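Worksheet: the structure to be examined is printed underneath.
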Amino acid sequence: MIITKKKEPSLILEYLDGRKKVYLFGCNSCAEQCQTGGKRELDEMTVILRENGKEITGTSLIDETCYKMLVKKEFKANEAIMSSDAILVLACGAGVKTVAEIAENSTPVFPALDSLFLASVERYGRFFEGCSLCGECILGSTAGICPHTLCPKGLLNGPCGGVINGRCEVNIENNCVWVDIFRRLKAQDRLNVLKKIHPPKDYSNGVKPRKVILERKKTRA
Amino acid sequence: MNSLKQSLISKRFTITAEICPPKGTDTSGFLDKARLLKGQIDAANVTDNQRAVMRLSSLACSLLLLREGIDPVFQMTCRDRNRLAIQSDIMGAWVLGIRNILALTGDHVSFGDHRNAKAVFDLDSVQLVQTISKLNEGNNINDKPLKGGTDLFIGAVVAPGAEPWEPEMIKFEKKIEAGARFFQTQAIYDMERFQKFFEYARQFDIKILGGILLLKSAKMANFLNTNVPGVDVPKRLIEELESSKDQLEKGIEIAARQLKELNSFCHGAHIMAIGQEESVVRIIEKAKSVSSAKTPGN
Ligand code: SF4
Ligand code: SF4
């Protein structure tokens, strides 16, 4: 899941300065789960903006705001969107980007959220970063724990000198991820994996922007 | 000129000390300290933006030491340079006459004075050691031949007091496999534990410089205990400091004692006296006077 956090209303009002008619987009997927872009947050934003003299021309809660087809459909069905002075999107950056792509050169689109990270959900409302989408997954040799993401230095060959009784000096609340990896590999009797020198990461796998285009499968009906 | 490699190979008890570059371009204080240490030590370690605090470049300061007739150990961390900069700086050090390099991970930027900086860590310390080995073989990190390589004496660090020890040990052995030939340890206070580490490390073809950190006061000792990983100053030393009139003098005495102890079994010692480089000379003198130096246990 993509984790987002609300921007300060003052900043949003700054974006919207001089624009009266505002259309709101929410996202019923990740942002809804994060309590940043669901039905309730759209309502809250409507109240805040009205209190500050804005006219809300409408709201749309899209199932996945990063899905271009869905957003496009909404634009077609709803003329109020394009006749607004601004569109505010309560979704992750990918959602904002999708809406902006459709609005193109006409109506300016603004983000209401900051996009933070890709999370594992421990349980409802508890999100933890576990993968930074590096393009070259090494979890097979790190017992399913990502040092690239969970070690503040992204080290690949074991702990730095900053381990304090198994914890990380950069943030003492956290275990040193290399101690965790070590313990799990040891329990699995796989320490030989740790003893091999891990080569430098191949960053050419992560050159931006990245894209994936699947070949259409004819066999599928 | 004393040379680190020569000294270690000839099995003499070898002493190095750390010198910290200035926070600016005024090198007078740095050079004063260097001149003080000249002849007293076998090599001087130049720190590389230690604790992520920005200072004059370790490469430039290593060259200054060389000009003063001191064998420098050029410290390089993985925090501030990507693999291109790392390789060109290492080759740069070589052509300028620098012969020793110490590879470190580096402290995280969140400790320093530029907390909004991007931490690089393109390589880690094992990969850095490996890269230097490749340069020594005349190849770059991608195994492409260079027009002239390096022949650096490669060092790395180890924390014999790490808790838990096993992951640190695995990394230590990887550094050896990658080509590290001498090791500088974290400050030692538990000499018995260090001796055990030394016995275990004897199986490898490496030299070890035991770390001595000058305790300037009881306050500093307490600070180290709460803030510096892997350093555990025992209570009795803190009490010894507290009960003395001149705490710095006591700290020098303690360090001299440790130096003497190391002299009895280890390959050498690395003295860290952050900001108190003049005390290094006193520590060495005092260690000699405590009793005549024993034969080193190489
Ligand atoms: S190595 Fe880490 S960041 Fe890369 S894909 Fe795997 S989990 Fe994600
Ligand atoms: S203590 Fe462990 S997790 Fe923290 S920076 Fe060092 S290696 Fe990474």
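The values are calculated or read from the model by the stated rules, or taken from the named source; none is laboratory data. All of these numbers come straight from a predicted model, not from anything done at the bench. Note that each Cβ is placed from the backbone with ideal geometry, even for glycine, and that neighbours are counted across all protein chains shown. Surface accessibility is based on the protein's heavy atoms, side chains included, excluding ligands, DNA and RNA. Shrake-Rupley method; radii C 1.70, N 1.55, O 1.52, S 1.80 Å.
Using the Cα centre of chain A as the reference point, and only Cβ charges (+1 on K/R, -1 on D/E), how large is the resulting charge dipole? Debye, rounded to the nearest 20. Present the calculation step by step, with values, prior to reporting the outcome.
On the way: 33 positive and 26 negative charges, 208 e Å.
Approximately 1000 debye in magnitude.
For region B:116-159, calculate the relative contact order in percent as a whole number, restricting contacts to Cα pairs under 8 Å that are 6 or more residues apart.
On the way: 34 pairs, mean separation 13.5, N = 44.
About 31 percent, as a whole number.
With all protein chains present, calculate the accessible area of A:Asp17 using a 1.4 Å probe and round the result to the nearest 10 Å².
Estimated to the nearest 10 Å², A:Asp17 gives 120 Å².
Too long at a 26 Å Cα-Cα cut-off: which of A:Lys201/B:Lys174; B:Lys144/B:Lys175; A:Lys6/A:Lys97; B:Lys23/B:Lys118; B:Lys175/B:Lys260? Working shown, then result.
Working: A:Lys201/B:Lys174 17 Å; B:Lys144/B:Lys175 22 Å; A:Lys6/A:Lys97 17 Å; B:Lys23/B:Lys118 20 Å; B:Lys175/B:Lys260 28 Å.
From the list (A:Lys201/B:Lys174; B:Lys144/B:Lys175; A:Lys6/A:Lys97; B:Lys23/B:Lys118; B:Lys175/B:Lys260), the Cα-Cα distance tops 26 Å for B:Lys175/B:Lys260.
How long are the semi-axes of the equivalent ellipsoid of region A:1-48, defined as square roots of 5 times the Cα gyration tensor eigenvalues? Whole Å, largest first.
For region A:1-48, the semi-axes come out at 21, 12, 9 Å.
From the phi of every residue in region B:257-264, what ³J(HN,Hα) in whole Hz does the Karplus formula 6.51 cos²θ - 1.76 cosθ + 1.60 yield, where θ is phi - 60° and glycine or proline is x?
My calculation for region B:257-264 gives 4, 5, 4, 5, 4, 4, 4, 7 Hz in order.
Using +1 on the beta carbon of Lys and Arg, -1 on that of Asp and Glu, and nothing else charged, what's the dipole of chain B about the Cα centre, debye to 20?
420 debye
Quick check of the Kirkwood formula: for region B:20-109, what is the inverse mean of 1/r over all pairs of different Cα atoms, in Å? Let's see the in-between values first.
Details: mean 1/r = 0.0757 Å⁻¹.
The Cα-based Kirkwood calculation yields 13.2 Å.
Roughly what % of Cα-Cα distances in region B:139-224 sit above 19 Å, to the whole percent? Before the final figure, lay out each step's value.
Numbers: 1802 of 3655 pairs.
It works out to 49 percent of all Cα pairs.
If you take the beta carbon distance between A:Tyr15 and A:Ile172 as r and set R0 to 56 Å, what does 1/(1 + (r/R0)^6) give as a FRET efficiency, to the nearest 0.05?
Once rounded, the FRET efficiency stands at 0.90.
Mean separation of Cα pairs under 8 Å and 6+ residues apart, divided by the residue count of region B:4-290: what relative contact order is that in percent? Don't skip to the end; give the middle numbers.
Working: 546 pairs, mean separation 52.1, N = 287.
Relative contact order of region B:4-290: 18 percent.
Relative to the compact-globule scaling 2.2 N^0.38 Å, provide the ratio for the alpha-carbon radius of gyration of region A:63-136.
Its radius of gyration relative to the 2.2 N^0.38 Å reference: 1.32.
Which whole-number value in Å² is the accessible area per residue of chain B, probe 1.4 Å?
Numbers: 12560 Å² over 298 residues.
Computed with neighbouring chains in place, this is 42 Å² per residue.
What is the set of long-range amide H partners of B:Ile208 at a cut-off below 5 Å, with H atoms built 1.01 Å from backbone N?
Those lying under 5 Å, H to H, from B:Ile208 are B:Phe183, B:His267, B:Gly268.
Separation of region B:1-38 and region A:1-70 by C-alpha centroid, Å?
One Cα centre to the other: 61 Å.
Please give, to one decimal in nm, the separation of the simple spin-label points placed at A:Asn165 and A:Val121, each 7 Å out from Cα toward the Cβ.
That separation, rounded to one decimal, is 3.6 nm.
If Rh is defined by the Kirkwood formula over all Cα pairs and Rg also comes from Cα, what ratio Rg/Rh do you get for region B:74-138? Don't jump to the answer; show the numbers that get you there.
Details: Rg = 12.2 Å, Rh = 12.3 Å.
Rg/Rh: 0.99.
Seen from all sides and averaged, what is the projected area of the convex hull of the Cα atoms in the protein assembly as shown, in nm²?
Here the figure is 32.4 nm², rounded to one decimal.
So how tilted is helix A:93-103 from the main axis of chain A? Cα-based, degrees 0 to 90, rounded to 10.
The two axes meet at around 30 degrees.
Before anything else, pin down the relative contact order of chain A: Cα pairs under 8 Å, at least 6 apart, normalised by residue count, whole percent. Mind showing how you got there, number by number?
Numbers: 348 pairs, mean separation 38.2, N = 221.
For chain A, the relative contact order is 17 percent.
Can you tell me the 0 to 90 degree angle between the C-alpha axis of helix A:39-51 and the longest principal axis of chain A, rounded to 10?
Here the helix axis deviates by roughly 50 degrees.
With a Förster radius of 56 Å, plug the Cβ-Cβ distance of B:Ala85 and A:Leu70 into 1/(1 + (r/R0)^6) and report the FRET value to the nearest 0.05.
Between B:Ala85 and A:Leu70 the formula returns 0.80.
How about region B:79-141: which trypsin sites (Lys or Arg not before Pro) there are in a DSSP loop, with at most 15 other Cβ atoms within 10 Å of their Cβ? All intermediate terms of the calculation are to be shown ahead of the outcome.
Values: sites: B:Arg79, B:Arg81, B:Arg83, B:Arg99, B:Arg115, B:Lys118, B:Lys134; in loops: B:Arg79, B:Arg81, B:Arg99, B:Arg115, B:Lys118.
Those that pass, being in a loop and sparsely packed, are B:Arg115, B:Lys118.
Dividing the convex hull volume of the Cα atoms of region A:136-206 by its residue count, what figure in Å³ per residue is obtained? Write out the running numbers ahead of the final one.
Values: hull volume 6.3 nm³, N = 71.
Measuring per residue, one finds 89 Å³ for the Cα hull of region A:136-206.
Could you give the accessible area per residue of chain A, probe 1.4 Å, as a whole number in Å²? Walk me through the numbers on the way to the answer.
Details: 12950 Å² over 221 residues.
Here the per-residue accessible area is 59 Å².
Report Rg/Rh for region B:4-290, rounded to two decimals, where Rg is the Cα radius of gyration and Rh the Kirkwood radius.
0.95
Using the Cα atoms of region A:2-117 to build a convex hull, what is its mean projected area in square nanometres? If you can, show how the numbers build up before the last one.
Numbers: hull surface 23.9 nm².
Dividing the Cα hull surface by four gives the mean projection, 6.0 nm².
Using modelled amide H (1.01 Å from N, peptide plane; none on Pro or chain starts), what sits under 5 Å from the amide H of B:Val73, excluding residues fewer than 5 places away?
B:Ala44, B:Asn45, B:Val46
Once phi is turned into ³J(HN,Hα) by the Karplus curve 6.51 cos²θ - 1.76 cosθ + 1.60 with θ = phi - 60°, what whole-Hz value does each residue of region B:9-26 show in order, with x for glycine and proline?
Couplings: 5, 6, 6, 7, 5, 9, 10, 10, 9, 9, 10, 9, x, x, 8, x, 9, 7 Hz.
Starting from the Cα of A:Ser204, step 7 Å along the direction of its Cβ; do the same at A:Asp85; then give the gap between the two resulting points in nm.
A separation of 5.1 nm, rounded to one decimal place.
Can you find, among B:Val129, B:Thr16, B:Asn49, the residue farthest towards the positive end of the dipole of chain B? Put +1 on the C-beta of Lys and Arg, -1 on that of Asp and Glu.
B:Thr16
Report the FRET efficiency, 1/(1 + (r/R0)^6), for B:Arg115 and A:Glu129, where r is their Cβ-Cβ distance and R0 is 30 Å, rounded to 0.05.
Working: r = 20 Å, r/R0 = 0.66.
Here the calculated transfer efficiency is 0.90.
Could you state the angle between the C-alpha long axis of helix A:177-187 and the longest principal axis of the C-alpha atoms of chain A, as a value from 0 to 90 degrees rounded to the nearest 10?
Tilt relative to chain A: about 50 degrees.
Treat every Asp and Glu Cβ in the protein assembly as shown as -1 and every Lys and Arg Cβ as +1, leave all other atoms uncharged, and give the resulting dipole magnitude about the Cα centre to the nearest 20 debye.
About 1080 debye.
Please list, in chain and number order, the residues 5+ apart from A:Gly58 or on another chain whose amide H is under 5 Å from its amide H, with Hs placed from the backbone.
Residues meeting the amide H criterion: A:Leu24.
Can you pull out the GluC sites (Glu not before Pro) in region A:112-221 that DSSP calls coil and that have at most 13 other Cβ atoms within 10 Å?
Passing both the DSSP loop test and the Cβ count: A:Glu136, A:Glu173, A:Glu215.
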